[in-house]
Ligand SMILES: Cc1cc2nc3c(=O)[nH]c(=O)nc-3n(C[C@H](O)[C@H](O)[C@H](O)COP(=O)(O)OP(=O)(O)OC[C@H]3O[C@@H](n4cnc5c(N)ncnc54)[C@H](O)[C@@H]3O)c2cc1C
Ligand SMILES: Cc1cc2nc3c(=O)[nH]c(=O)nc-3n(C[C@H](O)[C@H](O)[C@H](O)COP(=O)(O)OP(=O)(O)OC[C@H]3O[C@@H](n4cnc5c(N)ncnc54)[C@H](O)[C@@H]3O)c2cc1C
């Protein structure tokens, strides 16, 4: 099976974020980036499917030069080759524009399966994979907690609310977004890290993929951030004072009035 | 001169840091409290290639340079100093000398399982009367047919009980002063080999240390490492690499303690502001940051020199080990100081770092021994 995994470089979960001067995005200099945590599970799932049979895992990422780091991590962890959409024309896009570019790159691979993370940890839109599936003309399933091969394609258990699962069958090729907890992602081994530099990493531009640059990146976007702000700090809670008994009485009163629990 | 890690070294650092934070960290306090060895975690480290770091791939190792090796140990020690010494000893004073001085059969039999992470190993040099005075060896090895018969006691053996291969230093010819010393590859299943009870240590409580008793221990002649009477060449060369490992461990311990101190200093308020904003605390943090960086650079320089010349790194390794180990004790002391009374509580990681730090200026050559090595090199010129 030939599997594409879409991976995104996102700010480290504990990076200190600040809004930029035009309030359109965060200041992305001076912070650390990481592989979107959801995508680690997608990569692991792809590697397991490959190892159970045979085939190839191709990691694809759209992002600036620094995003090469997450592709190298994928190669070190076991992906066979990588495609990095780092051309300036691809940058600054919304999910629609990004899906356009990713779809064009993925078509060149002709995969049997496309795995994505459930959502990206930075904007949490969860839109790109579904748009991508439409553009590729493939069926899709989101929030996969289990993926099994069947005679006709794959069977996916989707996570619903309250621990419920929905099980769907899809023909291949298909796009599936992977939920965290589906597996336990491995670490890159040292041998994998040493081998990564010998693996292929392509960097096609719009012309190589036959795309009109006005359809991708900032130019091709329909969605714009125009006012990003840090949420106001919550007002400090109320501190009750007095004797233990007074405090207890005041506390019960407030719980009764404000929550209806008692 | 380039002070940055290359792409592979940085990726390795990141991987080992994630492994340390996600796999070693969760039970590190529990292991310290219970004195329990991290069997599953060390096996996992072996699968990732952390037990054969400097052994070439043809022998099942990871084929890393010494700089990468030091960087990896720093990240491990930042979280779990006990795991760091376990890995350092197995890599640098067990696997490495077998690779450097062993023959093909010995490498196939002992190095491959060590380097591929299936087993760990140790190194038996120290004896009750032979610590700093390491050449004052009493353990005897007498050849009888196709075996050597070893008698003696080795003390302070890291990876005792959990290790499956040990390099044992013993005297083959008592008449021949320094030249009469030889090295052997010994396994605990050989007749006459036994471990004593575990040492109750101040720190590194999740590493396993005990004496080894050799009572007519039967070691096949095929297990002589190098030549008979090779002397202190093998242990001293191994210790140069070992000292880089302990220097890296010291940098890691200091970094771990320092990070806790910085976090605490930002959160704890006294006299109406975070203590980090009192200059007396801020300056201690500045000193720690500077000293850690200095030790890191000394350690990486020694490592990089060893990559150029596997035999000529003695003084640089001694300097790195001396400075890093003493630095890590100073930093751990300050980290406790910055925590106030809480730094004295077992609930805070700095209390453990403080105990773990103490041994770094003692083992693999005390600070005094490092100063002997350094001053001899300086004054010889
Ligand atoms: C980041 C994130 C966090 C979340 N956190 C929580 C949480 O903490 N707890 C929780 O319970 N849930 C959570 N949810 C789930 C969220 O509540 C659901 O996504 C939401 O209820 C919408 O359901 P859906 O995604 O299945 O959309 P759908 O039900 O598929 O709806 C999509 C759109 O289709 C149209 N549509 C659907 N049905 C009809 C219809 N019958 N008639 C006309 N139009 C229709 C509507 O325009 C609708 O907006 C979260 C979701 C996200 C993305
Ligand atoms: C946790 C732990 C793990 C260890 N693991 C191993 C291991 O795996 N394998 C192994 O072989 N050994 C191991 N050791 C032993 C360690 O290397 C020795 O303890 C160390 O070399 C010091 O020897 P000693 O304890 O006999 O001290 P001594 O040599 O008795 O030293 C006592 C003091 O005298 C000083 N001193 C000695 N000679 C001089 C001199 N000429 N000039 C100035 N000062 C001097 C020393 O610096 C020290 O301060 C370990 C020790 C510990 C604590």
ask   = When chain B is treated as a GNM, springs tying every alpha-carbon pair under 10 Å, which of B:327, B:190, B:74 comes out with the largest mean-square fluctuation?
value = B:190
task = Mind pulling the angle between the C-alpha long axis of helix B:7-19 and the longest principal axis of chain B? Nearest 10 degrees, somewhere in 0 to 90.
result = 80 degrees
query = Which whole number gives the average, over all residues in B:4-14, of C-beta atoms from other chains lying within 10 Å of the residue C-beta?
reply = 4
request  = Measure nothing but the geometry: give the 0 to 90° angle between the long axis through the Cα atoms of B:66-79 and the longest principal axis through the Cα atoms of chain B, rounded to 10°.
outcome  = 60 degrees
task = Would you mind ranking B:181, A:26 by Cβ crowding within 10 Å, fewest neighbours first?
result = A:26, B:181
remark   = For A:12, A:28, ascending order of other Cβ atoms within 10 Å (fewest first) is A:12, A:28
ask   = Could you state the number of Å between the C-alpha centres of segment A:133-176 and segment B:306-336?
value = 54 Å
ask   = Taking Cα atoms, how many degrees apart are the long axis of helix A:37-52 and the longest axis of chain A, rounded to 10 and kept between 0 and 90?
value = 40 degrees
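Is the C-alpha gyration tensor of the protein assembly as shown telling us rounded, prolate or oblate? Criteria: a/c under 1.5 is rounded; beyond that, a/b larger than b/c is prolate, otherwise oblate.
Verdict is prolate for the protein assembly as shown.
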query = Fewest first, what order do A:113, B:12, A:47 take by the number of other Cβ atoms within 10 Å?
reply = A:47, A:113, B:12
request  = Give the shape of chain A as rounded, prolate or oblate, defined through the alpha-carbon gyration tensor: a ≥ b ≥ c are the square roots of its eigenvalues, a/c under 1.5 means rounded, and otherwise the shape is prolate if a/b is larger than b/c and oblate if not.
outcome  = prolate
request  = Quick one: grab the alpha carbon gyration tensor of chain B, order the square roots of its eigenvalues as a ≥ b ≥ c, and give me rounded if a/c is under 1.5, else prolate or oblate depending on whether a/b is larger than b/c.
outcome  = prolate
request  = Please identify, among B:253, B:185, B:275, the residue showing maximal mean-square fluctuation in a Gaussian network model of chain B using a 10 angstrom Cα cutoff.
outcome  = B:275
message = Give me the percent relative contact order of segment A:12-85, please, defined on Cα pairs under 8 angstrom at least 6 residues apart.
response = 25 percent
ask   = For segment A:67-97 and segment B:182-243, what is the separation of their C-alpha centers, rounded to whole Å?
value = 49 Å
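No value in this document is a laboratory result; all are computed from the given coordinates. Remember, predicted model here, so these are calculated numbers, not experimental data. Note that each Cβ is placed from the backbone with ideal geometry, even for glycine, and that neighbours are counted across all protein chains shown.
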